Protein chains: 2
Amino acid sequence: MNSTEFRKMGKEMVDYIADYLDRIEERPVLPEVEPGYLRPLIPDSAPAKPEKFEDVMEDIERVIMPGVTHWHSPYFFAYFPTGSSYPSFLADMLSSAIGCVGFSWAASPACTELETVMLDWLGNMINLPEDFLAKNGEGGGVIQGSASEATLVALLAARMKTIKRLQSENPELTEASILSKLVAYSSDQAHSSVERAGLIGAVKMKTIPSDNSFSVGGAALKQALEEDKAAGLIPFFFCATLGTTPSCGFDRLLELGPICNEENLWLHIDAAYAGSAFICPEFRHLLNGVEFADSFNFNPHKWLLVVFDCSTMWVKNRADLIGAFKMDPLYLKHDHQESGLITDYRHWQIPLGRRFRSLKMWFVFRMYGVKGLQEHIRKHVRLAHEFEELVRKDEQFEICAEVILGLVCFRLKVKRPRENQ
Amino acid sequence: MNSTEFRKMGKEMVDYIADYLDRIEERPVLPEVEPGYLRPLIPDSAPAKPEKFEDVMEDIERVIMPGVTHWHSPYFFAYFPTGSSYPSFLADMLSSAIGCVGFSWAASPACTELETVMLDWLGNMINLPEDFLAKNGEGGGVIQGSASEATLVALLAARMKTIKRLQSENPELTEASILSKLVAYSSDQAHSSVERAGLIGAVKMKTIPSDNSFSVGGAALKQALEEDKAAGLIPFFFCATLGTTPSCGFDRLLELGPICNEENLWLHIDAAYAGSAFICPEFRHLLNGVEFADSFNFNPHKWLLVVFDCSTMWVKNRADLIGAFKMDPLYLKHDHQESGLITDYRHWQIPLGRRFRSLKMWFVFRMYGVKGLQEHIRKHVRLAHEFEELVRKDEQFEICAEVILGLVCFRLKVKRPRENQ
């Protein structure tokens, strides 16, 4: 395909996309297909000779769309939302075309530098303490693919930092002996990816019981720490959640933070869903206590109109992240890397390669403006409260967790046996 | 931005992309910027009110392009290549618009099922043994974001499988005691991400010396195994490389494979760059011995015209991968998951979320056809040999590794002191 054909087909695709989203509510939100539906619809193997674009496009409606769950249908209420907006599509088109693999500064300076500045912009939008920003000091931000990766990267950095600290205090300790005693914690309401990060990192991951507002407080953590230290374990990591997946509960950072700092626990905050709301001053108090954290993460690809993937993570001390991973083979070295002036994001993440994802943030922030993004968040919260009111008016249902942002948890009222007597 | 505006701006972006790639050779391939160039060019914070698309587009040329390393310039010869093609751009535009987060079958059946079938298509194109294909049995393929993740996932699966096996043989063994003795191997020419996978997975990773064709053979692995077993260690994983990063060397699978199988070592093959060439029958012999492997990976986003990211991985026994990670919180359960008929790719990878990346494979395979893709590979190899010949004719230079695919390693001839005497 040459550029002349792309000009034609690309414009047809733009129209297809606009048509798809203009009329998405006419499609059934959940596909009616059975497992294995797709294989019989297409050939067993790739064609030897090129096929026409028209034939591929016809197959979108014949093969793909019948099996799509339409996440952006107004009738889709499953899971947390995922971001979608025209400006982010435009940016991602450009990212594909530039097609740089920005693992180091030299591999594409613009890719690295725009990311650093966009993370500062977004950090400012949520009023993140200055020590998380790249502009000012030892901290800075990075785009991960998902909150799962952010949690894992934080846990691995904490693991390495703790091993180094303990070995510097007592050089006779082996890595294996330390590793076998490390213990990490999260709420019993935390996302499954937190437990998974412990599994990958080969450390114990214990859950702390949440209270009846689905939050973990300081006393519960303190108790676990005392018990585990008495048993000879080494607590090293706590993953707090702001906006839990089951009920949008918030762990009590202002109680947990000082304990983590005193006890040498790396405090990571997973605000995957809720984080976007902190751009509104009226919700920013939910982030109070972030000043105690070592790392913080949320997903603009969930609720800030940026198309997947874009999970933003900040650390107070970037040397901690880099120290967990840094490898410098000859074929990745470049002139500026020892200057201290640049960022090689490959040291901040699990993969080596990376797309030019910060373009999506730049386009979205500029084309909506902060006020436009705030209005987007506020509309969702208003709708949630409107729905909450409707539920409360219906005697068959009850609200079973405080509605703080866009998630409304409700259930059928069940008369308990005692009430029937 | 509404759909009417997107129709207009999207088409402008299509033209911008076509113009960029039509005239890319006019741009300096390496940017001339200094570290920190970008921050002063844009405001300190996001705008409060929306800006115009035209202003954003103007800033692409003013802010972004001066800092871009143009990977797709005909004058770019750094690193291995990364894929770029108009059909893959079109597919990725559609992927953004559908915007499903296909972590489970139910989250978007088409996203899961097209991926499974595309991995079978590609498996057939490289004549992968049938037991790696989903159609036939226990195996199957998945798209990872990068080869680094594929290696890590394979290592973690091998780690879990080994721990389970040893604990079933001897229930008194603790996980920590096994973990402290596990040892993984790769060539001393392997990519840095292999060493990094060992670091993340908290297992020893040893390198096996390569011979003077930069390949690891069976004898070298055998010797390491004997020494380590005698020292009480537990060998469990070998990562073979086909097409190493420094010199495009090939480990000797036909020697290594049987040893790995006999010794209970998980054999993972990293063919990140070279793998695409195996679609040409004349290069397929380089993959001989894959039948001994547990997992195999290469990057269509490197050399098969698929834009980043698309790293394809196959396993012989998908239960091994799933067993390493599987977690089923209530909020991710769905009706079909226990039916045995479906694939929930979230159990196959590090992140939870995932884009609809198989569309890129489908568009590229169909719009080039297998013959078109073979011609693309062959042209690169022809050009490499043409350059090799030019180097060989020049007495100042020498070729320092056999030219097998598209990588040509050469150096200035240095007269050694002995020759000067």
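Per-residue answers, yes or no, for (1) within 13 Å of another protein chain (Cβ to nearest Cβ); (2) assigned to a loop (DSSP other than H, G, I, E, B); (3) of a type outside the set (Phe, Trp, Tyr); (4) closer than 17 Å to A:Trp266 by Cα:
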| residue | (1), (2), (3), (4) |
| --- | --- |
| A:Phe296 | no, no, no, yes |
| A:His301 | yes, no, yes, no |
| A:Val306 | yes, yes, yes, no |
| A:Asp320 | no, no, yes, yes |
| A:His334 | yes, yes, yes, no |
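Selection of helices (runs of 4 or more DSSP H) fully inside segment A:103-204 by the criterion of at least 1 residues being in contact with a His (Cβ under 7 Å, 6 or more places away or on another chain) and more than 10 Å from chain B (Cβ to nearest Cβ) returns A:147-169. Every listed requirement among (1) assigned to a loop (DSSP other than H, G, I, E, B); (2) outside the structural domain of A:Ser104 (by the TED database) is met by A:Arg354 save one, (2). Among the residues here, B:Arg354 qualifies as modelled with pLDDT under 95, surrounded by 14 or more Cβ atoms within 10 Å (Cβ to Cβ) and within 30 Å of B:Ser84 (Cβ to Cβ). Whether a residue is touching a Lys or Arg at 6+ places or on another chain (Cβ under 9 Å), among the hydroxyl-bearing types (Ser, Thr, Tyr) and under 30 Å from A:Gly289 (Cβ atoms) was assessed, and A:Thr162 does not pass this test. For segment B:220-252, filtering for residues that are outside any loop (DSSP other than H, G, I, E, B) and in contact (Cβ under 8 Å) with a residue 12 or more places away in the chain leaves 16.
Against the list (1) β-branched (Val, Ile, Thr); (2) crowded, with 22+ Cβ neighbours inside 10 Å; (3) farther than 25 Å from B:Tyr273 by Cβ, the condition B:Val142 fails is (3). Among the residues that make up segment B:397-414, is at least one of them more than 25 Å from A:Tyr331 (Cα to Cα) and not hydroxyl-bearing (Ser, Thr, Tyr)? No, every residue in segment B:397-414 fails to be more than 25 Å from A:Tyr331 (Cα to Cα) and not hydroxyl-bearing (Ser, Thr, Tyr). Here A:His285 fulfils each of the conditions (1) in contact (Cβ under 8 Å) with a residue 12 or more places away in the chain; (2) assigned to a helix (DSSP H, G or I) apart from (1). Considering the conditions (1) β-branched (Val, Ile, Thr); (2) buried (at least 17 other Cβ atoms within 10 Å of the Cβ); (3) over 15 Å from B:Leu267 (Cβ atoms), B:Ile208 is excluded by exactly one of them, (3). Of all the numbered requirements in (1) out of contact with any Asp or Glu (no Cβ under 8 Å at 6 or more places or on another chain); (2) facing another protein chain (nearest Cβ under 7 Å); (3) touching a residue at least 40 places away in the same chain (Cβ under 8 Å), B:Ala91 misses one, and that requirement is (2). Screening A:Ala202 with (1) in contact with a helix residue (DSSP H, G or I) (Cβ under 7 Å, 6 or more places away or on another chain); (2) under 26 Å from A:Ile404 (Cβ atoms) gives one miss only, at (2).
In segment A:62-80, which residues are part of a loop (DSSP other than H, G, I, E, B) and more than 7 Å from chain B (Cβ to nearest Cβ)?
Let us first name the residues in segment A:62-80 that are part of a loop (DSSP other than H, G, I, E, B), namely A:68-80.
Of everything in segment A:62-80, those that are part of a loop (DSSP other than H, G, I, E, B) and more than 7 Å from chain B (Cβ to nearest Cβ) turn out to be A:His70, A:Ser73, A:Pro74, A:Tyr75, A:Phe76, A:Phe77, A:Ala78, A:Tyr79, A:Phe80.
Can you find, within segment B:34-59, the residue that is nearest to the chain's Cα centre (by Cα) among those that are more than 7 Å from chain A (Cβ to nearest Cβ) and of a type in the set (A, V, I, L, M)? Here the residue is B:Met57. Given the structure, is A:Glu149 more than 25 Å from A:Gly218 (Cα to Cα) and either at pLDDT 95 or above or under 22 Å from the mean Cα position of the chain (by Cα) (or both)? Answer is yes for this residue. Filtered by the rule that a residue be farther than 11 Å from A:Asn297 by Cα and β-branched (Val, Ile, Thr), segment A:122-152 gives a lone residue, A:Ile126. Taking the listed residues B:Val63, B:Val68, the one that is buried (at least 21 other Cβ atoms within 10 Å of the Cβ), touching a residue at least 24 places away in the same chain (Cβ under 8 Å) and out of contact with any His (no Cβ under 8 Å at 6 or more places or on another chain) is B:Val68, with no other qualifying. In this structure, B:Asn264 does not satisfy being buried (at least 24 other Cβ atoms within 10 Å of the Cβ) and in contact (Cβ under 8 Å) with a residue 40 or more places away in the chain.
Within segment B:377-401, can you find the residues that are among the aliphatic types (A, V, I, L, M) and touching a residue at least 60 places away in the same chain (Cβ under 8 Å)?
If we filter segment B:377-401 for residues that are among the aliphatic types (A, V, I, L, M), which is where we start, we get B:377, B:381, B:383-384, B:390-391, B:399, B:401.
Listed by number, the residues that qualify are B:Ile377, B:Val381, B:Ala401.
Picking from residues in segment A:260-278 that are assigned to a helix (DSSP H, G or I) and in contact with a Leu (Cβ under 6 Å, 6 or more places away or on another chain), the one that is farthest from A:Gly243 (Cα to Cα) is A:Cys260.
Quick grid of which residues meet (1) among the basic types (Lys, Arg); (2) more than 19 Å from the chain's Cα centre (by Cα); (3) at pLDDT 95 or above:
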| site | (1), (2), (3) |
| --- | --- |
| A:Ala91 | no, yes, yes |
| A:Ala97 | no, yes, yes |
| A:Gly102 | no, yes, no |
| A:Val117 | no, no, yes |
| A:Ala134 | no, yes, no |
| A:Glu138 | no, yes, no |
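Within segment B:361-370, is there a residue that is modelled with pLDDT of 95 or more, in contact with a Lys or Arg (Cβ under 6 Å, 6 or more places away or on another chain) and not assigned by the TED database to the domain that holds B:His285? Within segment B:361-370 (the criterion being modelled with pLDDT of 95 or more, in contact with a Lys or Arg (Cβ under 6 Å, 6 or more places away or on another chain) and not assigned by the TED database to the domain that holds B:His285), the answer is yes, since at least one residue qualifies.
Residue count for segment B:177-231 under the criterion of being touching a strand residue (DSSP E or B) at 6+ places or on another chain (Cβ under 7 Å) and among the hydroxyl-bearing types (Ser, Thr, Tyr): the result is 6.
Step by step: first the residues of segment A:360-407, then only those that are among the aliphatic types (A, V, I, L, M), farther than 22 Å from A:Asp251 by Cβ and within 14 Å of chain B (Cβ to nearest Cβ), then the one that is surrounded by the most Cβ atoms within 10 Å (Cβ to Cβ). Which residue is that? Working first, answer last.
Our first condition is that a residue be among the aliphatic types (A, V, I, L, M); within segment A:360-407, this holds for A:361, A:364, A:367, A:370, A:373, A:377, A:381, A:383-384, A:390-391, A:399, A:401, A:403-405, A:407.
Going one step further and asking which of them are farther than 22 Å from A:Asp251 by Cβ, we end up with A:361, A:364, A:367, A:370, A:373, A:383, A:390-391.
Now restrict to residues that are within 14 Å of chain B (Cβ to nearest Cβ): A:361, A:364, A:367, A:370, A:373.
On the way: A:Met361: 26, A:Val364: 28, A:Met367: 25, A:Val370: 19, A:Leu373: 23.
The selected residue is A:Val364.
The values are calculated or read from the model by the stated rules, or taken from the named source; none is laboratory data. Not measured: the values here are computed from a predicted model. Note: ideal-geometry Cβ built from the backbone for every residue, glycine included; neighbour counts use all protein chains shown.
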